Amino acid sequence: MFGLMAARIRNKKWLCLIPIFILGALLPLSIAVILSGDAGEDDILLKIAAQLHIWLPVCGAWWAVLLFHDFFEAEGNELLYLYHKKSQFIFEQTIFACLQLAVTAAVFGIVRHFFELPLFLAVQLLAEVAVISFLMFFLCFVFLNAGIGFTICAVYCLYINLFDPLRIMSILSIFPEDSGASRQNVQLVVVNFVLAGVLAAAGTALSRVRYSYLA
């Protein structure tokens, strides 16, 4: 199972740099901008938490672009379907979702080393990353286009966290009401993990339906 995945990734080395750029440049830059302001300590922590809520899930969505872009848009993609087992889709997506969960835990640990963020925030972030990762998996096979799926996920994370102060979209939000973890909303975390499982199952079912769309 690993051979085809490794070959596709080798052909898209530059795509692997995008999460590194997001977490190694955009996230530190956004934190630096926050620190340059005159906000109080509590506001600074909330704003830093908001940035984590945005960029870590977005990175979780990006990996599916690396995995599935060739299936929809590459020349000769019919051959990929010919040599690719149906079970491979969920197998690869699960591997990279777990990888992003590990990255999320590591990034949170680094940021928490400098700022006193609550540990429960890490649990929230892991749940959100799981949802967005498998939402992206589902959307890829809804639209048969990895770029559209990623755009939807990225806009969703940005809009909910930065541009919806009135909580107009709160009924569809997987994020806590405030960007931190002042209230340990365990119920929301549980719902997120359940939703991630539902999206994984739906994406798997849809990928098998769409498997023969080129036939």
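The values are calculated or read from the model by the stated rules, or taken from the named source; none is laboratory data. These numbers come from a predicted model, not from an experiment. Every residue, glycine among them, receives a Cβ derived from its backbone with ideal geometry; neighbour counts consider all protein chains shown. Areas reflect the complete protein model, heavy atoms only, side chains present, ligands, DNA and RNA absent. Shrake-Rupley method; radii C 1.70, N 1.55, O 1.52, S 1.80 Å.
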Taking segment 14-39 and the residues there that are modelled with pLDDT under 80 and over 20 Å from HIS53 (Cβ atoms), the one that is surrounded by the most Cβ atoms within 10 Å (Cβ to Cβ) would be LEU15
Boolean, GLU92 is farther than 30 Å from ASP42 by Cα, of a type in the set (Asp, Glu), in contact with a helix residue (DSSP H, G or I) (Cβ under 7 Å, 6 or more places away or on another chain) and in a helix (DSSP H, G or I) = yes
Residue hits (segment 99-138; over 22 Å from LEU45 (Cα atoms) and open to solvent by less than 20 Å² (accessible area, probe 1.4 Å)) are GLN100, ALA130, VAL131, ILE132, SER133, MET136, PHE137
If we ask which residues in segment 140-175 are without any contact (Cβ under 8 Å) to a residue 60 or more places away in the chain and either open to solvent by less than 30 Å² (accessible area, probe 1.4 Å) or closer than 17 Å to ALA97 by Cα (or both), their number turns out to be 4
